[in-house]
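One structure is given below, encoded as structure tokens.
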Amino acid sequence: MEMVMSKEMDQQDPLANFKQEFFLEKETVYMDGNSLGLMSRRSEAKLQDLMDSWKTFGIDGWTEGENPWFTLAETMSARVAPLVGAEAHEVMVTGSITSNIHQMLSTVYQPTVERFVIVVDDLNFPSDIYAVESHLRLRGLDPAEAMRKVGSRDGYTLELDDIIGQLTDNVAILLLPSVLYRSGQLLPIREITEAAHKKGILVGFDLAHSIGAMPHNLHDDGVDFAVWCHYKYMNSGPGGTGGLYLHERHHQLLPGNAGWFGSDKTRQFDMDHEFSKAQGAGVYQIGTPHIFSMAPLLGSLELFEEAGILAIRQKSLELTSLLRQLVGQQVPELVDVTPMHDEARGGHIAFSHPEAARICKALKKAKIVPDFRAPNIIRLAPIAFYTSFGDVEQVVEKLQSIMENETYKNFSNERNVVA
């Protein structure tokens with residue numbers, strides 16, 4: 001019955017043809033696109049094109065060729081903006097998540113004796129916490145006093161009431177992930193932002209696990225700032241250049257970390273020691289754009305523009321719904337810790353099990369690429385571009401076999417070093 005259902009769903013899938021755009025290892029199902037997306041043929045081609053522009057033009061590549069380097073970041077930012085629901089001048093393809101957190105905090109965080117606390121959460125990715133702590137120390141503040149964490153009741157998800165409960169009068173900034181990496185919980189961005197703004201608190205989100213998997217409405221939701229990477233669902237390649245968003249109401253602010261490429265483009269080569277800020281989010285660039293690290297995103301953006309983020313989100317929800325349904329039926333010993341409702345989850349499903357590391361190793365041996373997160377989480381991310389409904393069924397069948405035959409016991413439960 002399920003086989004017929006997955007076949008029918010694949011036959012009716014409007015995005016099915018995009019799978020041929022990606023490089024897939026033979027007889028392998030890749031379920032780790034929420035950590036690193038696969039390479040597309042167009043990304044490979046764009047990287048080659050930009051290398052060829054260096055070969056052909058040398059230094060003139062900054063102003064010549066199909067994609068002049070001097071304005072490439074601004075051109076790409078305008079194309080990324082619709083994916084996060086922002087105006088083109090509010091987005092910049094630049095830096096990394098961590099460097100962009102530092103840039104945003106150094107720009108918008110203006111602590112006073114009355115307001116100085118930055119609220120984060122107990123489940124956030126470590127890098128975000130490290131960045132906040134180090135930034136506070138640079139400001140001469142003690143993270144033990146100036147950083148506060150929203151706790152989790154179950155170790156996997158956050159409650160809206162608990163988030164709002166931490167927004168006391170001494171809080172200056174609230175920084176949260178849009179989707180929690182452990183459980184795949186999608187936080188209610190608009191509700192959180194409105195609640196914080198009522199108390200005079202600025203709100204920022206880390207979109208690492210949501211950009212490219214679902215639509216956003218950062219501008220209309222009133223979010224103050226956001227940061228993200230492009231190498232997960234956006235398929236820009238390892239270490240690909242990240243992105244930032246700053247609502248236009250803050251664009252009068254000088255960058256906390258100023259650099260040459262934050263200059264007004266028309267005056268950048270005046271070589272004046274007096275900083276002339278670029279208009280919009282471009283001012284929050286620091287160094288020279290990393291052209292080759294940006295190039296694959298050019299190819300990936302073409303695919304997003306052709307498929308449409310709404311269609312991508314719809315298929316993602318259908319894939320993850322099928323995954324959790326089949327796991328619940330066939331592998332009930334895995335505990336599904338991802339919120340049930342569509343509006344409360346991102347693009348992956350997280351399962352907990354005491355032997356999670358072993359199970360992930362057994363899956364890899366069976367040519368299924370999962371993602372393990374300490375101490376006990378198996379993350380599976382069927383990606384709309386290159387995962388079929390039949391692939392999901394195959395994953396669950398392999399999982400069922402591994403659990404029933406206890407083949408995972410052939411592997412160590414110690415975690416490997418993974419990104």
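For region 262-281, the count of residues that are of a type in the set (D, E, K, R), farther than 12 Å from VAL93 by Cα and modelled with pLDDT of 95 or more is zero. Among the residues of region 395-414, write down those that are of a type in the set (Asp, Glu) and either in contact with a Pro (Cβ under 9 Å, 6 or more places away or on another chain) or over 16 Å from GLN330 (Cβ atoms) (or both). Hit for region 395-414 is GLU414, nothing else.
For LEU36, the conditions (1) modelled with pLDDT of 95 or more; (2) within 30 Å of ILE377 (Cβ to Cβ); (3) assigned by TED's automatic domain parsing to the domain that holds ASN217 all hold with the exception of (3).
Reported count of residues in region 92-129, each being assigned to a loop (DSSP other than H, G, I, E, B) and either within 19 Å of ALA144 (Cα to Cα) or free of Cβ contacts under 8 Å to residues at least 24 places away in the same chain (or both), is 12.
Counted as qualifying within region 197-250 are the strands (runs of 3 or more DSSP E) with 1 or more residues that are under 20 Å from LEU303 (Cα atoms) and in contact (Cβ under 8 Å) with a residue 40 or more places away in the chain, namely 225-228, 243-246. Of all the residues in region 357-410, those that are among the acidic types (Asp, Glu), buried (at least 19 other Cβ atoms within 10 Å of the Cβ) and not in a helix (DSSP H, G or I) number 1. Select from region 251-271 the residues that are in contact with a helix residue (DSSP H, G or I) (Cβ under 9 Å, 6 or more places away or on another chain), assigned to a loop (DSSP other than H, G, I, E, B) and small (Gly, Ala, Ser) and write down the one among them that is farthest from SER178 (Cα to Cα). Among those that are in contact with a helix residue (DSSP H, G or I) (Cβ under 9 Å, 6 or more places away or on another chain), assigned to a loop (DSSP other than H, G, I, E, B) and small (Gly, Ala, Ser), it is ALA258.
For region 45-70, the set of residues classified as hydroxyl-bearing (Ser, Thr, Tyr), under 21 Å from THR266 (Cβ atoms) and surrounded by 15 or more Cβ atoms within 10 Å (Cβ to Cβ) is empty. The residue list PRO339, PRO332 contains one member that is over 21 Å from HIS209 (Cβ atoms), part of a loop (DSSP other than H, G, I, E, B) and not β-branched (Val, Ile, Thr), which is PRO332.
The values are calculated or read from the model by the stated rules, or taken from the named source; none is laboratory data. Only a predicted model underlies this, so the values are computations on that prediction, with no experimental measurement involved. As a convention, Cβ positions derive from the backbone with ideal geometry for all residues, glycine included, and neighbour counts pool all protein chains shown.
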